[in-house]
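Just below is one structure, and these are the notes that go with it.
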Amino acid sequence: MKDEFNIKTVQEHTIIAASFLPNDNLHFAKNYANSDLYKFLKGMAKSFKDLDDLFSKDWNNMSILTCDNEEFLSLWESSVGIPDNIFKQTNSLSFEQRKNQVLTKLTSLGVLTLEDMKALANLLGLTVTIKTGEEVAYPPYDVPFIPIGEGAKFILVISSKDFNDTGYPPYDVPFTPTGSESLLIDLFQSIKPANTLLIVT
Amino acid sequence: MAEFNTPDSRLDIYNKMQADVSIETDGEALKVDSVKTMLGAISARLYDLYRKRLNINKQSFLPTCDDEYLSVHGEPYQITLNPATPSEGYVVFGGSNGATISASSPIQSATGLIFTTQTDGTIALQQVTPASISRSGTLVTVSFSTPHNLASGFTIDSITGCTPDDFNITNQVITVNAATSIQFNKAGTQGNASGTIIVQWKSALIKVQSSTAGIATNLNHGTLLKLSEAIVDVNTNCYVDYSGLSNGTDVEDAVSYRQRIKDRMANPVAYFNNAFIESECKKVSGITRVQIFNPTTTTAQITISSITRYDNVAIATSNSHGLLDNTTIIVSGANPVAYNLQTKLIVLDTNRFAYKVAGTPANPTGTIIASFSYVQPGQVRIGILRDDDASIIPSSTEVEKVKNKLLEKLPSNMDNTDLLVFSPTAVPQNFTFSYLYPNTTAMKTAISNSLDNYFRSKNKIGVNDKLASLKAVIENTFDPTGKKPDFTLSFPTQDNSIGLNQISTLGTITYP
């Protein structure tokens with residue numbers, strides 16, 4: 001990170017202000033801490049620091065990764081539409097959990113491949129297996145219509161040992177997800193291609 | 001402190017700076033007036049920088065940015081302000097048989113709107129046998145088996161061959177009441193006419209487009225237009241055809257533009273997911289709502305009342321089947337079993353569809369069922385609406401525009417035919433009030449506006465409107481004096497019934 005974004009002390013601001021004064025006899029005392037001129041500059045430097053600190057913090061808050069300010073986090077949430085029908089909670093979550101929600105939503109922008117979807121699941125602490133309808137060796141028993149044939153490649157079958165269900169193979173469908181599983185499935189439903197059927201086992 | 005820890009005023013900064021300098025210099029520095037003056041100037045500039053920082057932070061986020069900065073947030077997503085668009089449609093010209101109207105011929109409305117013809121056209125003699133002619137009171141209705149391509153206000157040459165002969169006319173101005181029907185007033189015998197009837201007129205139907213853009217360029221059917229420059233053997237007066245001139249839209253307003261960007265940022269856009277499709281559809285000016293139907297495991301069934309085979313094509317009849325082209329169906333229950341297939345179909349009309357069969361089996365009997373998933377894996381169905389237009393139902397041209405927009409981005413593994421863009425069929429919802437208090441013009445206007453707003457925002461394709469919801473719209477209406485209505489509805493009395501490809505629209509409101 002460039003020096004200009006580092007937080008500076010009042011003394012550093014005082015010295016910087018002094019450096020802009022001429023090195024002549026009139027301003028000779030500018031670098032002496034006991035001089036009236038230095039003290040005067042130091043008094044003003046506190047106000048310079050107030051503003052400079054805010055600029056530096058703004059730089060950090062412009063990235064969700066380094067955001068540490070409630071006002072900016074609220075703007076981040078509002079920008080990505082949180083709360084919504086997937087990320088419903090904000091009040092009961094910690095600051096870091098709220099940041100992670102924004103990050104998850106940003107990560108979900110532009111998901112293209114099955115690996116992208118798996119990475120998204122990892123962000124929520126889940127490891128998932130994703131297969132297309134064509135790859136499923138035995139019929140997914142909850143597919144009532146055209147599971148085999150031309151439509152099969154447009155079916156995604158999502159499973160995970162992290163999911164809180166007990167059956168295997170998936171005889172206990174419909175699977176009822178909870179917590180982060182529910183959130184992940186809602187997220188997958190929203191990012192999957194519109195012509196694709198998602199089945200969770 | 002205001003937003004982003006911004007001091008409320010220059011004075012706040014000055015006071016703090018003065019206090020800091022006083023502490024550091026034991027008050028000595030402030031004994032010099034010029035020092036205080038200088039602190040005032042510096043604090044003023046600091047305040048300016050605070051304000052600039054506040055502005056930068058506000059403009060950096062969509063929820064707080066000013067309208068003029070919206071493009072900064074939209075353009076990275078290729079979301080730009082939708083421009084105004086011209087209206088287009090067809091105009092009926094009359095004149096002598098064989099007279100030609102060139103492309104780019106200007107015509108204008110009474111309000112000064114200019115339109116130009118998009119193609120050449122030739123006035124041709126039409127001699128058509130109508131399906132029926134009947135009279136009720138003085139109103140004569142002439143029905144045709146195919147669209148007549150006429151317009152209200154147009155003058156037909158004659159109707160001949162009618163018995164009784166009081167149905168025959170010459171040079172009659174008509175009103176178009178349907179794409180296949182015209183009307184005019186002439187007293188005479190009640191009931192139907194018979195005979196070898198010929199309806200004759202000379203016309204050319206030519207596509208036109210407005211020279212300027214905007215919603216004001218949309219015109220209702222039957223609107224009188226005039227040729228700006230005379231054309232030999234072509235009547236000066238011409239008329240907007242039954243479909244009207246549509247597609248004209250105003251430049252998008254900031255509220256709509258901000259919402260589209262917000263939708264794009266708030267809804268995770270992956271390749272060809274719902275959010276992506278909605279965003280692309282709304283890039284077509286005038287499209288305000290998009291309803292997307294994804295593949296489902298829901299299986300629907302319809303009963304086929306009959307199947308008639310022509311060569312290797314089976315024509316199935318099922319009233320109001322609601323199917324779309326390329327829907328895959330499973331036909332069962334037919335005898336011979338050669339008709340029992342899993343196949344894609346082609347829609348012929350609202351009551352008939354066709355699919356291929358092998359060989360030449362006899363027409364089938366039995367209780368024949370077609371099963372289908374409303375949207376099958378691999379397909380997506382997209383309903384579009386134009387809530388800012390007089391009719392929220394997009395025309396076929398508008399549907400085509402949206403489909404072409406989406407085809408530009410169609411995934412390579414998706415077939416064009418699996419992209420099903422449609423405009424829903426309107427199902428007008430009428431209202432009859434048996435009691436209303438206060439029964440004032442202001443209250444009636446307020447209720448009409450509330451209902452109009454409902455049918456331009458809350459209704460959904462394929463979803464019934466709850467009677468309770470409709471009543472709630474009325475109940476929550478306020479007239480300009482702040483009064484809510486006390487009312488009784490004699491119609492509707494129950495939830496309406498909206499089919500798969502239908503949407504409710506506001507019909508007629510009858511007040512007591």
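The values are calculated or read from the model by the stated rules, or taken from the named source; none is laboratory data. Please read these numbers as outputs of a predicted model, since none were measured by experiment. Heads up, the Cβs are rebuilt from the backbone with ideal geometry, glycines too, and the neighbour counts pull from every protein chain shown.
Residues that are under 15 Å from the mean Cα position of the chain (by Cα) and hydroxyl-bearing (Ser, Thr, Tyr) number at least 2 in the following helices (runs of 4 or more DSSP H) confined to region A:3-96: A:70-79.
Restricting region B:258-278 to residues that are crowded, with 20+ Cβ neighbours inside 10 Å and within 22 Å of B:Phe455 (Cα to Cα) leaves a set whose member that is nearest to the other protein chains (Cβ to nearest Cβ) is B:Glu278.
Taking residues in region A:26-49 that are within 9 Å of chain B (Cβ to nearest Cβ) and under 12 Å from B:Ser22 (Cβ atoms), and partners anywhere that are small (Gly, Ala, Ser) and buried (at least 18 other Cβ atoms within 10 Å of the Cβ), the pairs with Cβ atoms closer than 6 Å and at least 6 places apart or on different chains are A:Phe40/B:Ala29.
Just to be sure, is B:Ala338 small (Gly, Ala, Ser) and not in a strand (DSSP E or B)? The answer is yes for B:Ala338.
Selection of region B:435-487 for residues being outside any loop (DSSP other than H, G, I, E, B) and either on the phi > 0 side of the Ramachandran plot or small (Gly, Ala, Ser) (or both) yields B:Ala442, B:Ala446, B:Ser448, B:Ser450, B:Ala468, B:Ser469, B:Ala472. For B:Val232, the stated conditions hold: it is hydrophobic (A, V, I, L, M, F, W, C) and in a loop (DSSP other than H, G, I, E, B).
There is no residue in region B:450-469 that is in contact with a helix residue (DSSP H, G or I) (Cβ under 6 Å, 6 or more places away or on another chain), touching a residue at least 24 places away in the same chain (Cβ under 8 Å) and among the β-branched types (Val, Ile, Thr). Considering only residues of region B:236-255 that are within 27 Å of B:Phe61 (Cα to Cα) and either free of Cβ contacts under 8 Å to residues at least 12 places away in the same chain or over 21 Å from the mean Cα position of the chain (by Cα) (or both), which is farthest from the other protein chains (Cβ to nearest Cβ)? By that ranking, first place goes to B:Asp253. Screening region B:1-103 for helices (runs of 4 or more DSSP H) wholly inside it with 3 or more residues that are of a type in the set (Val, Ile, Thr) and at the interface with chain A (Cβ under 9 Å from one of its Cβ atoms) returns the ranges B:10-24, B:33-60. Scanning region A:80-94 for residues that are modelled with pLDDT of 85 or more and among the polar types (S, T, N, Q) yields a count of 1.
Is it the case that region A:65-74 has a residue that's more than 11 Å from chain B (Cβ to nearest Cβ), of a type in the set (Val, Ile, Thr), over 25 Å from B:Arg264 (Cα atoms) and out of contact with any Leu (no Cβ under 9 Å at 6 or more places or on another chain)? No, the conditions are met nowhere in region A:65-74. Of everything listed in (1) among the small types (Gly, Ala, Ser); (2) more than 12 Å from every other protein chain (Cβ to nearest Cβ); (3) within 30 Å of B:Asn55 (Cβ to Cβ), the single unmet condition for A:Gly81 is (2).
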